[in-house]
Structures are given as structure tokens and as C-alpha cells.
Amino acid sequence: MFDQIVLGGEFFEGLVAVDEAIVERATGESCRYCGGRLHRGDYPRKPRGGLIGQAAESFRRRFSLCCGREGCRRRATPPSVRFLGRRVYVGAVVIVASMVAVMKQAASEARRSTGIAARTTRRWLRWWRGPFTATSVFVAVSSRMVPAVSRMALPLSIVDRLAGSLEGRVRQLLGWLRPITTSAP
């Protein structure tokens, strides 16, 4: 099943639309530091998608805002469903490659299916099992899942419980992960 996963252009176009809506809503807010007006201040990104998300490599901009008040000019980057924080790989690829590694029970075996280095996948699995479980996002997501999710099988133990197509389930998890895609003040 996981040997054939490829997230296509339509999937990623949908994520761009969600991010556009998020940044448009955020544009109407004020700077959290000085109350000034926020303006678009996107910045370049060079994301990776491996074999499963090559269409995501076309994301050249991270939508962002910056304060227009002279003397402040601080950046206000809203949450995103495309990028999972500062990671080079896009969020959907981090989720799917981690799921493949859990299913195959070895990051090195998952490399053939995903095109992502085993070392990188092992680092992501450590994040899912460690720091991620200490976030308020994990607490909120796991409280929706009865019985409790298996921490050793994250993110697979969450995605498996969701309804719909694989793309829909990954999109739903990306939506839940939005709060951790940007730094808080």
C-alpha cells in the first residue's frame, strides 16, 4: 500500500489555497508588538518532497507578514499547512514518510519508497515520539482519539483513525498541526 504513495499537484494546490486563506485573515490583524498594520512580506523557501511529494518542490514562497510601522518592522509568520516549522521537507512528506517508516519498521527500508534518507526519517520519528508528545497540539489530538494513540507508531496511529482518503487524512492532520508551524511570541 505505502509503496505507491505519491502526493500530486492537486493535493498541494489545495494546501496553497488553505495557506492563502490563513494569511489573508492574518493580514487584517495588527502587529502583536506595536499594533501597527501588517503587510505581505513572503520569503523564499526551497522545500523538498522526496519521491512522494515532488509537486511540493514548486513552493517557492513561505507566506508571511511584517509590520509596516517604522521602527518595528517585525515579522509575523502565520501558521501553515504546507510547511512544518523550519523543516526543509514539506509537512505532508514528513507525515507520510514517517508513516512509511513505521509500517516498514525501519527507516532504511522506507528510503526506497520515499526517497528520503534513513537518517532524516529516524530524526523525524524521534521528534514524533519525543518533543511532539509534549506539545499542546498532541494533547488536543490524542484527546480526540479513544483508545489512546500509540506514541511509538506516531503519526500512523493518528492518521489510521481518521476517515476518508489518505490525502484527506493527511490534510486533516496538517490542519491540526498548524499551531506548531510558527513560533509564538
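The values are calculated or read from the model by the stated rules, or taken from the named source; none is laboratory data. Every value quoted in this text rests on a predicted model; they were computed, and no experiment measured them. Please note: Cβ atoms are built from the backbone with ideal geometry, for glycine as well, and neighbour counts cover all protein chains shown.
Of all residues in region 22-41, those satisfying the criterion of being part of a loop (DSSP other than H, G, I, E, B) and of a type in the set (Gly, Ala, Ser) are Gly28, Gly35, Gly36, Gly41. For region 150-185, which residues satisfy the criterion of being touching a residue at least 12 places away in the same chain (Cβ under 8 Å), under 17 Å from Trp124 (Cβ atoms) and outside any helix (DSSP H, G or I)? Leu154, Pro155 - these are the residues of region 150-185 that are touching a residue at least 12 places away in the same chain (Cβ under 8 Å), under 17 Å from Trp124 (Cβ atoms) and outside any helix (DSSP H, G or I).
Condition check ((1) more than 30 Å from Val102 (Cβ to Cβ); (2) touching a residue at least 24 places away in the same chain (Cβ under 8 Å); (3) surrounded by 19 or more Cβ atoms within 10 Å (Cβ to Cβ); (4) in contact with a helix residue (DSSP H, G or I) (Cβ under 6 Å, 6 or more places away or on another chain)) across all residues:
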| site | (1), (2), (3), (4) |
| --- | --- |
| Ala21 | yes, no, no, no |
| Gly49 | no, yes, yes, yes |
| Cys67 | yes, yes, yes, no |
| Arg74 | yes, yes, no, no |
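Being within 13 Å of Val81 (Cβ to Cβ) and either in contact with a Cys (Cβ under 9 Å, 6 or more places away or on another chain) or of a type outside the set (Lys, Arg) (or both) is true of Glu13. Pairing residues of region 1-19 that are over 16 Å from Gln54 (Cβ atoms) with residues that are at pLDDT 85 or above and part of a loop (DSSP other than H, G, I, E, B), at Cβ distances under 8 Å and at least 6 apart in sequence or on separate chains, gives Val18/Val81; Asp19/Phe63; Asp19/Ser80; Asp19/Val81; Asp19/Arg82. Considering region 129-149, and only residues there that are modelled with pLDDT of 95 or more and part of a loop (DSSP other than H, G, I, E, B), the residue that is farthest from Ser64 (Cα to Cα) turns out to be Gly130.
Does Leu174 meet the test of being farther than 29 Å from Tyr33 by Cα and either among the aliphatic types (A, V, I, L, M) or in contact with a strand residue (DSSP E or B) (Cβ under 6 Å, 6 or more places away or on another chain) (or both)?
Numbers: farther than 29 Å from Tyr33 by Cα: no; either among the aliphatic types (A, V, I, L, M) or in contact with a strand residue (DSSP E or B) (Cβ under 6 Å, 6 or more places away or on another chain) (or both): yes.
When the stated conditions are applied, Leu174 does not pass them.
Pairs, please: C-beta under 7 Å, at least 6 apart or cross-chain, first residue on the phi > 0 side of the Ramachandran plot and in region 80-96, second at pLDDT 95 or above and crowded, with 24+ Cβ neighbours inside 10 Å? Here the result reads none, with nothing in region 80-96 linked to a residue that is at pLDDT 95 or above and crowded, with 24+ Cβ neighbours inside 10 Å.
Yes/no per residue for (1) assigned to a loop (DSSP other than H, G, I, E, B); (2) at pLDDT below 95:
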| residue | (1), (2) |
| --- | --- |
| Asp3 | no, yes |
| Val6 | yes, yes |
| Leu15 | no, no |
| Glu20 | no, no |
| Leu51 | yes, yes |
| Glu57 | no, yes |
| Gly71 | yes, yes |
| Val81 | yes, no |
| Gly85 | yes, yes |
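Under the condition of being closer than 14 Å to Glu57 by Cβ and without any contact (Cβ under 8 Å) to a residue 24 or more places away in the chain, the residues counted in region 23-46 number 1.
So, Trp124, is that one aromatic (Phe, Trp, Tyr) and crowded, with 18+ Cβ neighbours inside 10 Å or not? In short, yes.
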